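Below is one structure, written out as structure tokens, with a few remarks after it.
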Amino acid sequence: QVQLVESGGGLVQAGGSLRLSCTASGRTLTFFRVGWFQQAPGKERKFVAAINWSADKIYYADSVKGRFTISRDNAKNTVYLQMNSLKPEDTAVYYCAADPSPLTGRGVQYDYWGQGTQVTVSS
């Protein structure tokens, strides 16, 4: 079993930056693919970014490409999402998720999910 905890959310002005962290307990994340997802009020959960266990395969949603960067530190059992040039439309609850199967794309099928962290971008 893997428990995931997101942190780093908050309120930021448009153009600002935040770094989200996703820390695992229970098992090492080393051989898991990890994804970040966003869910705005009244909308479906959407893919944001994903990284494979060795960090040599990464996918981004078109809406965040060039602004967000996903990375991982397996020694710290943590995956990060650096968010720059934030826009009001980035406002959402951000979830991280982990799965032991190989990373093949921008899918939303993950076995383990965190509780989410709120990101609010003011205009």
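Against the list (1) part of a loop (DSSP other than H, G, I, E, B); (2) out of contact with any Phe, Trp or Tyr (no Cβ under 9 Å at 6 or more places or on another chain); (3) in contact (Cβ under 8 Å) with a residue 12 or more places away in the chain; (4) at negative phi, the condition ASP56 fails is (3). For region 44-53, filtered to residues that are touching a Lys or Arg at 6+ places or on another chain (Cβ under 7 Å) and assigned to a loop (DSSP other than H, G, I, E, B), the residue that is most open to solvent (accessible area, probe 1.4 Å) is TRP53.
Cβ-Cβ contacts under 8 Å between residues 6 or more apart (or on different chains), taken from a first residue in region 24-35 that is closer than 14 Å to SER71 by Cα to a second residue that is of a type in the set (Val, Ile, Thr) and open to solvent by 60 Å² or more (accessible area, probe 1.4 Å), are listed as GLY35/VAL108. Considered as a group, the residues in region 14-32 that are among the polar types (S, T, N, Q), touching a Ser or Thr at 6+ places or on another chain (Cβ under 9 Å) and not in a loop (DSSP other than H, G, I, E, B) include one that is least open to solvent (accessible area, probe 1.4 Å), and that residue is SER21.
GLN38 meets the conditions (1) polar (S, T, N, Q); (2) in contact with a Lys or Arg (Cβ under 6 Å, 6 or more places away or on another chain); (3) part of a loop (DSSP other than H, G, I, E, B) in every case but one. The failed one is (3). Residues that are open to solvent by less than 10 Å² (accessible area, probe 1.4 Å) and aliphatic (A, V, I, L, M) were ranked within region 89-99; the one that is farthest from VAL34 (Cα to Cα) is ALA92. Screening region 69-88 for residues that are without any contact (Cβ under 8 Å) to a residue 24 or more places away in the chain and either open to solvent by 60 Å² or more (accessible area, probe 1.4 Å) or in contact with a Phe, Trp or Tyr (Cβ under 7 Å, 6 or more places away or on another chain) (or both) and picking the one that is farthest from PHE31 (Cα to Cα) gives THR69.
Against the test of being open to solvent by less than 30 Å² (accessible area, probe 1.4 Å), touching a strand residue (DSSP E or B) at 6+ places or on another chain (Cβ under 9 Å) and not hydrophobic (A, V, I, L, M, F, W, C), the options GLY9, GLY35 yield a single qualifying residue, GLY35. In region 20-63, of all residues being of a type in the set (A, V, I, L, M, F, W, C) and within 14 Å of ALA75 (Cα to Cα), the one that is farthest from the chain's Cα centre (by Cα) corresponds to PHE31.
The values are calculated or read from the model by the stated rules, or taken from the named source; none is laboratory data. Bear in mind the structure is a predicted one, so any value in this text is a computation, not a measurement. Quick reminder, even Gly has a Cβ in these numbers, built from the backbone with ideal geometry, and neighbours come from all protein chains shown. Heads up: the accessible areas ignore ligands, DNA and RNA and are worked out on the full protein's heavy atoms, side chains in. Shrake-Rupley method; radii C 1.70, N 1.55, O 1.52, S 1.80 Å.
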